[in-house]
1. Give segment 128-156 a look and list any residue that's closer than 30 Å to ARG3 by Cβ and out of contact with any strand residue (DSSP E or B) (no Cβ under 6 Å at 6 or more places or on another chain), or say none.
2. Tell me, yes or no, whether segment 103-113 has at least one residue that is of a type in the set (D, E, K, R), closer than 20 Å to HIS55 by Cα and touching a residue at least 12 places away in the same chain (Cβ under 8 Å).
3. Just give me the residues in segment 142-164 being under 24 Å from VAL28 (Cβ atoms), in a strand (DSSP E or B) and not polar (S, T, N, Q), in sequence order.
4. Might you let me know whether segment 6-20 holds any residue that is in a loop (DSSP other than H, G, I, E, B) and either over 15 Å from the mean Cα position of the chain (by Cα) or closer than 22 Å to LEU90 by Cα (or both)?
Amino acid sequence: MFREATVADLPALTDLEREANLAALGHVFPPDRFPFPADDVLARWALVLDEPGVHVLVRDAEPARGASRIDLLAAYDATTLRHLAVHPDLWGQGLASSAIETALHAMDARGTTIAQLWCLEDNHRARRLYEYLGWRPTGSRRPAPWPPHPTEMRYTRLIPQSER
């Protein structure tokens, strides 16, 4: 179902992030005021793919949907779910939950007992999913790196013994 992303996936990673952000976060990053920073996001993905210990899982889109398109991405390291995006056409099908569980299983295999992630405070859809899956806000906040620098909040989740 998932495979590791490669450098050849850089444009598709950027495209998926753009599509998901426009659908989920247009109220936070109005595109007429804050155009999607495609070049910066592409450069960030190149750094993420090159970073030791970071895994980027993707799922290839159905061939009819676009030859080089991916419809899911999940990036994580030993303790942190760093990025998660699902193409809006596929929301509600359990892909995000499956990717999160795959990442948590990998973290657990590395000895992690508490996983973390950062989520935009105004990303209500993602927050509902994370909280449904047992993630809890910690109270930690920080500004997001992209203008207008909305607030991100930190979540953690215990990896239960039954998952070990």
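The values are calculated or read from the model by the stated rules, or taken from the named source; none is laboratory data. Keep in mind the model is a prediction, meaning the values are calculated, not measured. Ideal geometry is used to build each Cβ from the backbone, glycine not excepted, and the neighbour counts take in all protein chains shown.
1. To start, the set of residues in segment 128-156 that are closer than 30 Å to ARG3 by Cβ comprises 128-135, 144-146, 152, 154-156.
The answer is ARG128, LEU129, GLU131, TYR132, LEU133, PRO145, TRP146.
2. Yes, there is a match, as at least one residue in segment 103-113 is of a type in the set (D, E, K, R), closer than 20 Å to HIS55 by Cα and touching a residue at least 12 places away in the same chain (Cβ under 8 Å).
3. Within segment 142-164, the subset under 24 Å from VAL28 (Cβ atoms) is 142-157.
Now narrow it down to the ones that are in a strand (DSSP E or B): 142-143, 151-157.
Scanning segment 142-164 gives ARG142, PRO143, GLU152, MET153, ARG154, TYR155, ARG157.
4. Here is the first cut: in segment 6-20, the ones in a loop (DSSP other than H, G, I, E, B) are 6.
Adding the requirement that they be either over 15 Å from the mean Cα position of the chain (by Cα) or closer than 22 Å to LEU90 by Cα (or both) leaves 6.
Scanning segment 6-20, I find at least one residue that is in a loop (DSSP other than H, G, I, E, B) and either over 15 Å from the mean Cα position of the chain (by Cα) or closer than 22 Å to LEU90 by Cα (or both), so the answer is yes.
Rundown of residues vs (1) exposed (fewer than 14 other Cβ atoms within 10 Å of the Cβ); (2) modelled with pLDDT of 95 or more; (3) within 25 Å of GLU152 (Cα to Cα), yes/no style:
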residue: LEU10; (1), (2), (3): no, yes, yes
residue: ASP15; (1), (2), (3): no, yes, yes
residue: ASN21; (1), (2), (3): no, yes, yes
residue: ALA38; (1), (2), (3): yes, yes, yes
residue: PRO52; (1), (2), (3): yes, yes, yes
residue: SER68; (1), (2), (3): yes, no, no
residue: LEU81; (1), (2), (3): no, yes, yes
